[in-house]
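**Q** Sharing a structure, written as structure tokens. Questions coming.
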Amino acid sequence: MSGPGSLSKRRSLSAPGGLSDAPEMDDEEYVPDEAAGLPGDPLADLAREHGLQLSSARPKLFDYMKQLWQRRYFITGFATARNIAMYTDSRLGQVWQVLTPLLNVGVYYLIFGLVLDTSRGVKNFIAFLVIGVFVFNFTQRSCIISSRVMFDSLPLIRALHFPRACLPLGYVLIELQQLMVSVVVIFATVLAVGEPVTWYWLLIIPVLLMQTLFNVGCSFILARIGAGFDDVSQLLPFIVRTWFYCSGVMFSIQTYRTLAQHPGLTRLLQYNPAAVYITLVRDVLMRSQRLSSPGAQPYNSHLCTLYYQHSSESQYILDSGHCHAVINQATLWYCGIGWGVLAIVVGFIFFWRAEVQYGRG
Amino acid sequence: MAKPMVVVDDLHVVYRVYGGGGDKGTAASSLMRLMRKQRRPSIREVHAIRGVSFVAYRGDAVGVIGRNGSGKSTLLRAIAGLLPAEQGAVYTDGHGALLGVNAALLDDLTGEKNVVLGCLAMGMSRQEVRDRYPKIVEFSGVGDFVNLPMRAYSTGMGSRLRFAIASAKSHDILLVDEALATGDAEFRQKSHRRIDELRAEAGTVFLVAHNLGEIEENCNRVIWLEKGKIVQAGDDVPGIVDAYLEASGGQPRVREPAKI
């Protein structure tokens with residue numbers, strides 16, 4: 001089977017007509033070679049004998065994770081390079097990283113703080129809003145760009161062999177870098193409205209870590225779906241916008257008066273992962289939020305009623321803490337961990353299962 | 001006995017092409033289609049490889065020739081594991097690295113970033129990348145252009161850099177798709193030497209080129225594809241090249257008696 005000439009012997013195994021010298025090819029239906037792939041097929045046996053692998057075989061889950069770890073510098077390098085490339089054509093460059101969320105906050109403050117006045121009953125509304133917008137933005141952007149990552153990186157996927165999970169990971173890393181800038185803005189705003197610096201601030205690290213896990217999981221899922229159907233990236237902005245309005249970015253789910261009459265709905269909204277992370281960050285950074293979140297103070301029905309009757313008056317604004325909590329603080333933390341772990345496990349496996357299909361067609 | 005590196009076993013590859021026309025392209029017609037639960041009429045299947053089988057051994061340099069659209073590039077991409085087989089299978093020892101003319105990596109980024117990221121993606125450590133970086137840039141011959149984004153490169157420069165990146169690591173299987181065609185004479189010499197080196201490092205090289213001289217210089221075997229099937233394959237490289245030329249209506253190549 002070896003040596004010169006073996007290639008010409010081999011070709012006798014090719015489809016009928018493969019040997020004819022005249023290039024007379026017609027478009028007849030191909031007749032499947034039934035021997036292929038079955039035991040006794042000489043070529044498959046030869047391959048097996050020499051330990052050859054299917055070229056499009058999916059790596060085992062554990063090997064895949066190892067490969068991914070080995071490519072960690074590629075992931076960070078890819079993220080940094082993309083981040084730089086993203087703004088090369090604009091004059092302000094990286095300044096947009098801060099400017100975009102700030103402008104967003106400006107718009108939401110104008111609409112929800114001044115025009116619609118959803119700020120009722122929330123102390124230091126501007127800090128409350130800034131945290132909501134930036135924290136939600138992290139999840140939102142991770143989801144939206146991940147749905148396009150496989151399309152955007154097609155040349156790279158087709159040219160080189162590497163675990164494809166590097167790409168969504170890289171994109172979330174870009175967003176994480178952007179979030180770091182946003183966090184500075186958040187700190188500045190929280191201080192500016194007069195919230196004190198406390199040890200609680202350190203807890204922002206685990207919260208954002210859990211959120212990152214959740215985002216990575218989501219982006220794995222959306223990257224795989226988006227690679228299959230381009231329709232997803234058209235539809236996603238609408239889904240995300242609905243999610244935005246359900247996540248209590250510009251109103252407090254816990255203390256919004258209309259919601260207080262519907263504990264079932266409030267519970268549902270509070271279990272929503274985006275709301276969980278936003279609420280946790282607010283509670284960690286803002287003393288007024290910690291004090292006013294329902295359940296934070298001993299229950300007092302009189303004060304609680306007063307809060308809902310006079311929530312725009314500053315003397316009662318923190319009294320929502322005397323109401324019953326729909327979801328207590330501990331449950332909120334468990335939810336944050338749960339959502340993060342669930343998303344990353346499900347997302348990673350979901351993405352990995354289609355590993356060899358990316359970049360085809 | 002030489003070890004087989006690539007076993008292609010009755011391979012069929014089918015592309016599904018979207019947007020091939022047939023739809024009026026209006027929202028109403030799309031909606032009607034969805035209501036009738038029809039598949040998108042614009043999906044068309046292209047049967048690019050129709051039952052190809054062969055074995056390539058360690059140290060082989062296999063040339064793949066054939067007309068445009070005969071399935072040469074598809075075959076290479078299937079060997080690289082980038083296209084799944086519709087039927088049959090491709091077995092390889094290790095992963096193939098594919099180099100193509102249009103395999104731009106990251107167009108917005110500088111050549112330097114592309115070198116670093118490409119090497120990291122192939123699984124090199126940061127130290128290895130640092131060590132090999134000067135050699136890669138020197139080999140590609142892009143000079144000062146390495147600090148410019150790759151979209152500013154000429155076609156030749158781009159493909160030279162890509163070849164330099166992909167050949168920086170010794171691959172078990174290197175698949176070169178016309179990447180050398182755009183290089184100048186000097187670069188062709190260099191890449192010829194590099195391909196020889198890679199073969200000597202017990203790898204297998206596949207080369208797709210329309211320049212038959214290049215095939216004859218670099219390859220010890222050749223596969224002639226026509227409409228996704230093998231017409232001829234073997235190690236009589238000049239013979240098969242001549243037969244191919246004849247079938248295309250050309251004259252046999254005039255060869256100098258002794259090549260340098």
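**Q** Which is crowded, with 24+ Cβ neighbours inside 10 Å and not in a loop (DSSP other than H, G, I, E, B), of A:PHE238, A:PHE220?
**A** That would be A:PHE220, the only listed residue that is crowded, with 24+ Cβ neighbours inside 10 Å and not in a loop (DSSP other than H, G, I, E, B).
**Q** Residue check: is B:VAL116 over 20 Å from the mean Cα position of the chain (by Cα), away from chain A (no Cβ under 12 Å), among the β-branched types (Val, Ile, Thr) and crowded, with 21+ Cβ neighbours inside 10 Å?
**A** no
**Q** Name every residue in the range A:49-81 that is facing chain B (nearest Cβ under 8 Å) and assigned to a helix (DSSP H, G or I), in order of residue number.
**A** Within the range A:49-81, A:GLN67, A:GLN70, A:TYR73, A:PHE74, A:GLY77, A:PHE78, A:ALA81 qualify.
**Q** Next up: Restricting attention to helices (runs of 4 or more DSSP H) lying wholly within the range A:260-361, give those where 2 or more residues are under 25 Å from A:GLN140 (Cβ atoms) and at pLDDT below 95.
**A** So the answer is A:263-271, A:273-285, A:329-352.
**Q** Regarding the range A:119-131, can at least one residue be identified that is surrounded by fewer than 19 Cβ atoms within 10 Å (Cβ to Cβ), at pLDDT below 80 and either more than 10 Å from every other protein chain (Cβ to nearest Cβ) or under 30 Å from B:GLN127 (Cβ atoms) (or both)?
**A** Yes - at least one qualifying residue is present in the range A:119-131.
**Q** Let me ask you something else. May I ask you to say which residue of A:PHE187, A:PHE151, A:PHE138 is more than 30 Å from A:CYS304 (Cβ to Cβ) and crowded, with 23+ Cβ neighbours inside 10 Å?
**A** Every option except A:PHE138 fails the conditions.
**Q** Filter the range B:136-149 down to the residues that are buried (at least 23 other Cβ atoms within 10 Å of the Cβ) and within 13 Å of chain A (Cβ to nearest Cβ) and list them by number.
**A** Within the range B:136-149, none qualify.
**Q** So B:GLY20 clears everything in (1) modelled with pLDDT of 75 or more; (2) over 29 Å from B:ALA243 (Cα atoms) except one condition, right? Which one?
**A** (1)
**Q** Quickly run through the range A:146-164 and pick out the residues that are free of Cβ contacts under 8 Å to residues at least 60 places away in the same chain and assigned to a helix (DSSP H, G or I).
**A** Result: A:ASP152, A:PRO155, A:LEU156, A:ALA159.
**Q** If you check A:LEU236, A:LEU203, A:LEU259, which single one turns out to be of a type in the set (A, V, I, L, M, F, W, C) and without any contact (Cβ under 8 Å) to a residue 24 or more places away in the chain?
**A** Within the list A:LEU236, A:LEU203, A:LEU259, the selection yields A:LEU259.
**Q** Of everything in the range B:49-107, what is closer than 30 Å to A:THR88 by Cα and either within 9 Å of chain A (Cβ to nearest Cβ) or modelled with pLDDT of 85 or more (or both)? Give them in sequence order.
**A** Across the range B:49-107, the qualifying residues are B:LEU98, B:LEU99, B:GLY100, B:ASN102, B:ALA103, B:ALA104, B:LEU105, B:LEU106, B:ASP107.
**Q** Take A:GLN254 and decide whether it is buried (at least 22 other Cβ atoms within 10 Å of the Cβ) and either among the hydroxyl-bearing types (Ser, Thr, Tyr) or not in a helix (DSSP H, G or I) (or both).
**A** Yes: the conditions hold for A:GLN254.
**Q** When the range B:220-242 is examined, which residues are found to be hydrophobic (A, V, I, L, M, F, W, C) and touching a helix residue (DSSP H, G or I) at 6+ places or on another chain (Cβ under 7 Å)?
**A** Within the range B:220-242, B:VAL222, B:TRP224, B:LEU225, B:ILE230, B:ALA233, B:VAL237, B:VAL241 meet the criteria.
**Q** Moving to a separate point now. Assess whether A:TRP243 counts as being at pLDDT 90 or above and over 14 Å from the mean Cα position of the chain (by Cα).
**A** no
**Q** Inside the range A:165-183, can you point out the residues that are free of Cβ contacts under 8 Å to residues at least 60 places away in the same chain and more than 14 Å from A:SER146 (Cα to Cα)?
**A** Listed by number, the residues that qualify are A:LEU179, A:MET180, A:VAL183.
The values are calculated or read from the model by the stated rules, or taken from the named source; none is laboratory data. What you see is a predicted model; the values in this text were computed from it and never measured. Every residue, glycine as well, gets a Cβ built from its backbone with ideal geometry; the counts of neighbours run over all protein chains shown.
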